[in-house]
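The values are calculated or read from the model by the stated rules, or taken from the named source; none is laboratory data. Note that this is a predicted model, so its numbers are computed, not measured. Cβ sites come from the backbone with ideal geometry, for glycine too, and all protein chains shown count toward neighbours.
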Amino acid sequence: MSHSNHTPHDPKRIRRLTLLALLVLLLPTLLSACQPIQAPDVAPDVDRVGFPTNYQTDYTVFYELDRPDNKTARVIYANAAAASVQPDQPYPYGSVLHN
């Protein structure tokens, strides 16, 4: 009768079996976490923000900001009331700025 080198309470065997059981239980979770995330559509079907009425004719470029450090550029548009503001003066009632 052959006798195995492992006894039923061998700590190394128990540790290996425990690790194997954890791997079998956690493997589906780990694999699902590695799945690619689906990117949202580039443009929505519905404009939820909206542009002011006649924005193409009623708004002028008020300020341009170029940030090469973070590769962004912003253009701020103003209606006639906001565009009339002088430096260090408050904006009059009805001023609208839009980016």
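Summary of computed values
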| item | result |
| --- | --- |
| Matching residues, region 64-96, being in contact with a helix residue (DSSP H, G or I) (Cβ under 8 Å, 6 or more places away or on another chain) and either β-branched (Val, Ile, Thr) or exposed (fewer than 10 other Cβ atoms within 10 Å of the Cβ) (or both) | 93, 94, 96 |
| Residues located in region 61-78, provided they are of a type outside the set (Lys, Arg) and in a loop (DSSP other than H, G, I, E, B) | 68, 69, 70 |
| Count of region 49-60 residues which are part of a strand (DSSP E or B) and over 12 Å from residue 82 (Cβ atoms) | 0 |
| Failed item, numbered, when residue 61 is tested on (1) in contact (Cβ under 8 Å) with a residue 24 or more places away in the chain; (2) surrounded by fewer than 12 Cβ atoms within 10 Å (Cβ to Cβ); (3) out of contact with any Lys or Arg (no Cβ under 9 Å at 6 or more places or on another chain) | (1) |
| Pick from region 1-45, criterion among the acidic types (Asp, Glu) and exposed (fewer than 10 other Cβ atoms within 10 Å of the Cβ), ranking: modelled with the highest pLDDT | 45 |
